[in-house]
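Worksheet for the structure shown next.
Read-outs throughout are calculated quantities, based only on the coordinates presented, and are distinct from any laboratory measurement. Quick caveat: nothing in here was measured; it's all calculated off a predicted structure. In this analysis, Cβ positions are derived from the backbone assuming ideal geometry, glycine residues included, and neighbour counts consider all displayed protein chains.
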2 protein chains.
Amino acid sequence: MSYPLFWFAPISALIALFFAWRFYAGMIKQHPGNERMVEIASYVSDGARAYLKQQYKAVLIVFTVLFLVFALLALVFKLMNVWSPLAFITGGFFSGLAGFFGMKTATAAASRTAEAARHSLDQGLRVAFRSGAVMGLSVVGLGLLAISMGFFILSSIYPISGPDGPDNLLIVTTTLLLYGMGASLQALFARVGGGIYTKAADVGADLVGKVENSIPEDDPRNPATIADNVGDFVGDVAGMGADLFESYCGSILATATLGVAAFLGMPDLQVKAAVAPMLVAGLGALLSVLGVFLVRVKSGADQKALLHSLDRGINTSALLVAIGSLGMLYVIGLPNVLGIWGAVVTGLVVGIIIGKATEYYTSHAHRPTQKIAEAGATGPATVIISGIGTGMISTTIPVIVVAAGIMISFYSASGFDSTNVAMGLYGIGFAAVGMLSTLGITLATDAYGPIADNAGGNAEMSELPPEVRERTDALDALGNTTAAIGKGFAIGSAALTALALLASYMEQLKAALLEAGDMLVFPDLREIMPADASYWDFIDFFQIDLLNPTVLVGIFIGSLMAFLFCGLTMNAVGRAAGEMVAEVRRQFKEKPGILSGTEKPDYARCVAISTVGAQREMKLPAILAVAVPVIMGILFGPAGVVGLLAGALGSGFVLAVFMANAGGAWDNAKKYVEEGNLGGKNSTAHKATVIGDTVGDPFKDTSGPSLNILIKLMSMVSIAMAGITISCQVL
Amino acid sequence: MSYPLFWFAPISALIALFFAWRFYAGMIKQHPGNERMVEIASYVSDGARAYLKQQYKAVLIVFTVLFLVFALLALVFKLMNVWSPLAFITGGFFSGLAGFFGMKTATAAASRTAEAARHSLDQGLRVAFRSGAVMGLSVVGLGLLAISMGFFILSSIYPISGPDGPDNLLIVTTTLLLYGMGASLQALFARVGGGIYTKAADVGADLVGKVENSIPEDDPRNPATIADNVGDFVGDVAGMGADLFESYCGSILATATLGVAAFLGMPDLQVKAAVAPMLVAGLGALLSVLGVFLVRVKSGADQKALLHSLDRGINTSALLVAIGSLGMLYVIGLPNVLGIWGAVVTGLVVGIIIGKATEYYTSHAHRPTQKIAEAGATGPATVIISGIGTGMISTTIPVIVVAAGIMISFYSASGFDSTNVAMGLYGIGFAAVGMLSTLGITLATDAYGPIADNAGGNAEMSELPPEVRERTDALDALGNTTAAIGKGFAIGSAALTALALLASYMEQLKAALLEAGDMLVFPDLREIMPADASYWDFIDFFQIDLLNPTVLVGIFIGSLMAFLFCGLTMNAVGRAAGEMVAEVRRQFKEKPGILSGTEKPDYARCVAISTVGAQREMKLPAILAVAVPVIMGILFGPAGVVGLLAGALGSGFVLAVFMANAGGAWDNAKKYVEEGNLGGKNSTAHKATVIGDTVGDPFKDTSGPSLNILIKLMSMVSIAMAGITISCQVL
């Protein structure tokens, strides 16, 4: 490696992984609780294992098929770099590995958190949060390690110094983007399949348990209750983790590619520009570890102190990254250090503001959610109308903040020169990298939530003393707040990452042109397009402007994709939950002893039903997400593809924020009533807000988060298929 | 006028208006019913008059202010043609006039339809449908008359033959576009204000009447029932009429402008190309009249025969337009007659397919709506989830059909030459004109619905024999089907019109450049841009490509606008309905005799409350729709504006279809249960679907249709502000 500072990235990644291991080992040493607690925990971990096994089986088949297709494209048709299929597989593998670590930790941590909560609130927090940190640091460590080692290996195969350096560097970075494609596909399974799984189990358990048989939440007599507990991990640990693994890797890789374009004609700077996002990410990984250590409360702390300690950890990490990245960029020695640094800081700030806005619109400490609860006085219809109205309005701040972030990072990095598009886009990429740089700790707060939630479930089912449940409830309530913020953060980072990917699509077209074999049927593209073609050349040639009807059609189809994907996943939850309802009814009917507590329900069967249902239901949306960009590329060429991505990004981002916030607000409107407001439990308002909450479940946990995957996956597919697009355009 | 064939357009318009008058006179001659019926009718017409008076008052203020602003821009700053302010006022005036005629006819027709239905079903249909045709033919006649006379007058002021002919023609057509801006602003009040009015009254009347006091729909004891009946006219006659008036005029004017661009350098053909859309529209107006005469059924006809006769009228008109427009285009003598004709036919076919798809997804004769009703077995939450899922999926066909229509009309008109963008865009314009050419009869079927609905209300309140109510119910059921189809048609035509307007924005920039005074601060734009600048020159200069961050930010903000507008109007209905609920409760409490039938409720006060509420609630969305394009233009220039329009169009179109179809499906799911399926009235499924229907009310009648206005109005505002945009860009 001609650039020694590079090694900072893989070393930081290893340090992050070391601490992930230490936190895991520390958690495992904790007491797992009494016999009943261990038994309950084993049901959940068995269920989680069964789900993961089934998912990885499906993943294996799809990856094998796509690997063969890519190998064919690479080796026979030369429409892809020969290393691309390998990068693709690696990305999928590492994302799956991070998910596996996270799940293994989370399932082991639940009973230990409950046990720790028997002693004190702060011990419970410590176990739960550090277990969450295992997920966060695994994602960051594995992601960054694989990217940096991939870069090292590929740049040994394609020497990035010497006369072919610039071309080789373009090949290396664009080939590595396929690593992101693998992560993206894995995320599709984890997030969409997981989202359907968790809500099918949740809605199914509630409908037969709470509504039909009036047994409480987390009651061990309910056969679906273990599936519901597994679902929390499947959706919010593995799903969220894979989603952010993809954003993390995608943003680093896209920015590396954009860096190569930004310093065209300056080979030394190109290498530095490609490595710079990895170095900033490495710095963020280290500072995230530091942040995790800052999350601790005194014995006997209250709810407010808990939230404060989480905030301290995250904010300190963010502040230190903001300061440290200036030094880092200075040491790297790129021109316009302050401008690029401005982009990094912009990304950090955008992430924080989105989090605050999400909290404002979804927490029942604020007026919007309270108003939704108040609409319950006139029944469920007005709760739904009010939630949808408020959810739609709540998209304003996130969209404006992201839009402002795009402009500021663009202008900052381009030195306020709007014609310096390449540098400006590099800045947008860095905004995404900056936003995600503290992922090690922000993801820890996300993964912490379901651990605390499950600890409560474990305490309930193990019939621990009420003060334990009170403590786990306090931990869980904190988890609900952080989960809502985490969702906003995940959407915002997905939008910025997708934008960076969209920009790097141009580079991928260039690379494809550089490498494509004789299959290239597009009229003499290589002769028209010089190897150092600028953005403008590409835009002119492919007519990627807003009066080209293929671009407009692309925007329409892209918007459609967001709504269609959402609609399909909404209906999927309905169908899969229906099967769960039928199964639970069957068990209650065939084994009447279950309800009286004398017979044991068949938990595993419910887990299996949710698993099979999720796998089946995700097929159609998954196929659409992969096939539509390919079809658009073949029919309409790059103009249609870019239109598609822009349309899906615009609609999908706003739709995702709407779904997540409406769902979160309905959830908390119900909690607001349950806390004794507006008549409290069993009032008209309560019944109305319970219906709102049920509607909100697939909004916030299935369809909304699935859109994050859609907008990134379609970009990744387009990038993978760039070679085909430029050689097979029909119209 | 140098082109005699031109006169066909105004003459056709006059013929359409003549038949509108004849149908009106024929209806007025009918017996208005007994004393009670006339009394009820007078309440409704008083209410409608009160609403319109209030609305026109607000409209007058806004138009006066904007007229002065435009006059300032035109006369002092020379950023607009001097005749533009006048064209703007004229458009608003004629749209208002058409709405006034339609409302006057509809309110008079309701009791006469009820009276006619005492004799037979076919007499009822005849009275109701021909009254609806008054609205359809008024819109078409007034719209086309004003456009063609405006063209005649302006082309006398700016001679369109001679050496300055081409420049003058550009000025004439772009100035006329401001006529569309006036129509658009009038539509904003009629459609958004009307949409809030009608659902505030409807939801308010239902919540206190049906739910709290168990009195049936249309019961004269309910003080809000007259407001509810007025609302049907306000929303579905005046609102729908103004919406389609705007689409009709906008599509003709945009296509005329695009025609001037398509034949740059061929002055004779330019004139013909500008007039051609008016001639095709004129042909459609005549054939619509013919179609109206075909709508008749034999005495004793059933529901199916009714629908069949409506279909016959519409389909015959469409078929004759398809045939006749080929001859018309041949006589006009433009090159590529078959290609342009292909675009016209494409538009007609797109309109028909969207209508069929809408029917499939919203009629309870088909599976999607039945499934939503079946979800009622597990309560309201699953009805809502299923309706939202199905509504989102139902966007697929309309979006794909419109996308295909765009491609086909573009390629057809451009002679399959993708570089001939100007001709292709002219083709897209013609697709919109073709789709709207039979508006005279399609709008008649829309306006017929609320007349039949109100006839039923009148029969109920006047206690006519049950067989009369049965007949008006049959007419009303037919009206529900046509209303759903009409909504799909309105959205589809709005999308195509907005697209044509987006394309003509470039021409407006050119015209602004041609006319702008010395205020032009943009660096020497006129020297860089030749008068005959092509699309490419503009796109290059203004960077209207998809990697320009301002375009991407525009797309984000555009998507946001669609959701924000929707959310604001949803919440507006909630608030205004709340006031209605309070008022009805107050009347019941203060005058206990109302419920026992001994005291008369104060209908007028309820009308006033809905009116004031609607006017107040529409302020913020209206200001946003007008201000955002202006701000985007000033901040980001044409690139930001085009991005904004494309983003709003993409998201807004799909969102509008989703809202309209979900709302329609919920409505019919309830009717499906009420017809005795799934347990019938008062079953769990019924209660659940009633909640779905209430949620759907603002979806389909307020927020969804409002999006049609948003996407067109923002285009129109951008067009009006083109002069400012090119001279004041900040970034």
Just need the relative contact order of chain A here, percent rounded to a whole number, with Cα pairs under 8 Å and 6+ apart.
21
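Need one value for B:567-576: mean number of C-beta atoms belonging to other chains within 10 Å of its residues' C-beta atoms.
Counting Cβ atoms of other protein chains within 10 Å of each residue's Cβ and averaging gives 5.
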Given R₀ = 25 Å, what would the calculated FRET efficiency be for A:Arg585 paired with A:Asn682, taking r from the Cβ atoms and rounding to 0.05?
0.55
The summed charge of the B:Ala608 Cβ neighbourhood (under 15 Å; Lys/Arg +1, Asp/Glu -1) stands at 0
Write down the Å³ per residue value for the convex hull defined by the alpha carbon atoms of region B:629-731.
80
Please report, to two decimal places, log10 I(q)/I(0) for region B:421-516 at q = 0.13, 0.18 Å⁻¹ as given by the Debye formula with identical point scatterers on the Cα atoms and no solvent.
-0.62, -0.84
Two-decimal Rg/Rh across region B:188-315, once Rg and the Kirkwood Rh are taken from alpha-carbon atoms
1.19
Select from A:Ser148, A:Gly593, A:Leu568 the residue farthest towards the positive end of the dipole of region A:4-728; place +1 on Cβ of Lys and Arg, -1 on Cβ of Asp and Glu, and compute about the Cα centre.
A:Gly593
Is the shape of region B:582-663 rounded, prolate or oblate, going by the alpha carbon gyration tensor and its root eigenvalues a ≥ b ≥ c, with a/c under 1.5 for rounded and a/b larger than b/c for prolate?
prolate
Of the options B:Thr550, B:Met27, B:Val295, report the single residue whose Cα projects farthest towards the positive end of the charge dipole of chain B (beta-carbon charges: Lys, Arg +1; Asp, Glu -1).
B:Met27
What nm value, rounded to one decimal, do you get for the distance between A:Arg36 and B:Tyr360 when each label is placed 7 Å out toward the C-beta?
5.6
Expressed as a whole number, the average count of other chain Cβ atoms within 10 Å around the Cβ atoms of B:693-702 is 3
Highest mean packing first, using Cβ neighbours within 10 angstrom, the peptides A:40-47, B:665-672 sort as B:665-672, A:40-47
Per residue of B:374-382, what is the mean number of Cβ atoms on other protein chains within 10 angstrom of that residue's Cβ?
6
Please work out the Cα center distance from region B:680-712 to region A:574-603, rounded to the nearest Å.
35
Contact order normalised by residue count of region B:574-731, Cα under 8 Å, 6+ apart, percent
29
Between helix A:240-262 and chain A: long-axis angle, C-alpha atoms, 0 to 90°, nearest 10
20
If one compares the long axis through the Cα atoms of helix A:549-590 with the longest principal axis of the Cα atoms of chain A, the angle in degrees, nearest 10, works out at 30
Where the centroid of each part is defined by its Cα atoms, how far is region A:491-516 from region B:271-338 in Å?
48
Between B:Asp46 and A:Phe293, what is the label-point separation in nm under the 7 Å Cα-to-beta-carbon projection?
8.1
Projected area, mean over directions - region A:532-672, Cα convex hull, nm²
13.1
Which of B:Phe88, B:Phe63, B:Phe8 has the fewest Cβ neighbours within 10 Å, and the rest in rising order:
B:Phe8, B:Phe63, B:Phe88
In nm, one decimal, shortest first: how far is the label point of A:Asn34 (7 Å from Cα along Cα to beta carbon) from the matching points in the other copies?
7.9
What list of whole percents do you get for P(r) of region A:4-728, with Cα-Cα distances grouped in 10 Å bins up to the one holding the largest distance?
3, 16, 27, 27, 16, 8, 3, 0
Computed label-point distance, nm, for sites B:Ile15 and B:Ser596 using a 7 Å Cα→Cβ extension:
6.3
Between the helical axis of A:194-205 and the dominant principal axis of chain A, each derived from Cα atoms, what acute angle in degrees is found, rounded to the nearest 10?
20
Just need the relative contact order of region A:183-306 here, percent rounded to a whole number, with Cα pairs under 8 Å and 6+ apart.
24
If you put +1 on each Lys and Arg Cβ and -1 on each Asp and Glu Cβ, how big is the dipole of the protein assembly as shown around its Cα centre, in Debye rounded to 20?
1480
Taking the Cβ of each residue in B:Val402, A:Val581 as the centre, tally the other Cβ atoms inside 10 Å and list the residues starting with the fewest.
A:Val581, B:Val402
Label the protein assembly as shown by shape, choosing from rounded, prolate and oblate, from the square roots a ≥ b ≥ c of the eigenvalues of the Cα gyration tensor; if a/c is under 1.5 it is rounded, and otherwise prolate applies when a/b is larger than b/c, oblate when it is not.
oblate
Ranked by Cβ crowding within 10 angstrom, fewest neighbours first, how are A:Ile340, B:Ile726, B:Ile428 ordered?
B:Ile726, A:Ile340, B:Ile428
Find the eigenvalues of the gyration tensor of the Cα atoms of region A:355-394, then list the square roots of 5 times those eigenvalues as equivalent ellipsoid semi-axes, largest first, in whole angstrom.
19, 11, 5
